[in-house]
Structures are given as C-alpha cells and as structure tokens.
Amino acid sequence: MTPVRAVVVMGVAGCGKSTVAELLAERLGWELLEGDGLHPATNVERMSAGIPLTDDDRAPWLAAIAEWMRERLDAGRPVVVACSALARRYRDVLRRDDVLFLHLSGTPELLAERLSSREHHFMKSGMLQSQLATLEPPAGDERQLTLDIAEPPLILVARAASAL
C-alpha cells in the first residue's frame, strides 16, 4: 500500500477539523492548509447569509484544494488539509493513492452545541442540518479513519498519528 503523505481532516461544521488538522500537522511536521481559506468570496458570502453551497459553488474550491495538495505532494512535501469533504464526489476530487481521509464524527447534539459557542465564523449553526443531510461518511473502499469527536483533540491526534 502506498504510504500516506496527505491527510484530509473532514466532517461537518463543528467537528473540530481545524483544531485537529493544526495539531496533527504540528505533530507530524507536515504543511497545513485550512481549506476554508481557499473558498471564493462568493461562497463565504453565501454561507454567511445561511445559504448552503451547491455542487457548482464547491467545484472551484475543491479544485483549488486539490491543486494545492498536488503541488506540494509532487514536490515531496506531505500535507494535512482541513476540508469538509462531505460527499464521496467531493472526496473523489481530492483522492490520490497517498491520501487518507480522517473523518471526525459526532452526534448532532454535540455538533450543535459546539457551533452555538463559536464566534466570528462564517458557518452558521443553522446550516448544520444541511451539512448532515449532505454527509456521506467514507465507505469501506475509501482510505479512511473515522474518529469520535467526543474524545479530546489531543487524543484524536494521537490516534490518527498512530494509525499513520
């Protein structure tokens, strides 16, 4: 099996993607991308207004993340990416033999609680239901690891690092 050189930390809003991705990248010494930073301004405006993104909205964003990953991986630089990657068709854009999808999963109640305590983030808690409806957890034929977000972030990072 091809060694993992990229981890996409995925899941719905409030699952801790950014935190876990940052801690994992630090632990591994890999380059980090917060995928939200590559959203076009129109996507941020839509989400800030509580309007769910369409596949057409997501396409250029996912392409930009895939290109960012490709450039670094082709240069021999491993990466950790925080990206929702909710549906298989989205993950297919990011998929390579050396990519692992780290799915952070939690109950709707825990996710809603976390979102309600967020400040200064464009993703509003009202959009959780649309994200949960869009979510297609990784299937058995996808290179993935699913972890329960009821565990503290440092435990999740330790488990992910151990699995790598």
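Just so it is clear, none of the values below were taken in a lab; they were calculated from the coordinates. The structure displayed is predicted, hence computed values, not measured ones. Glycine also receives a Cβ, built like all others from the backbone with ideal geometry; neighbour counts cover every protein chain displayed.
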Practice task
Sort 61-68, 49-56, 5-12, 84-91 for me by packing, meaning the mean count of neighbouring Cβ atoms within 10 Å per residue, highest on top.
Solution key: 5-12, 84-91, 61-68, 49-56
Problem - Inter-site label distance for Thr107 and Asp55 at 7 Å from Cα along Cβ, in nm - result: 3.4
Handout entry: Cα-centre dipole for the chain with unit charges at Cβ (Lys and Arg positive, Asp and Glu negative), debye to 20
Key = 160
Completion exercise
Per the rule of 0.36 nm per residue minus the C-alpha distance, extending Val93 to Asp141 adds in nm 15.7 nm
Exercise for the section: Report, in deg cm²/dmol and to the nearest 500, the calculated mean residue ellipticity at 222 nm for the chain, where each DSSP H run with n ≥ 4 adds -39500 (n - 2.57) and the sum is divided by the residue count. Expected result: -13500 deg cm²/dmol
Fill in the blank from the handout: Distance in nm between Ala133 and Ala63 label points, each 7 Å along Cα→Cβ, equals 2.7
Practice task
Over the alpha-carbon set of region 6-163, divide Rg by the Kirkwood Rh and report the Rg/Rh ratio to two decimals.
Solution key: 0.93
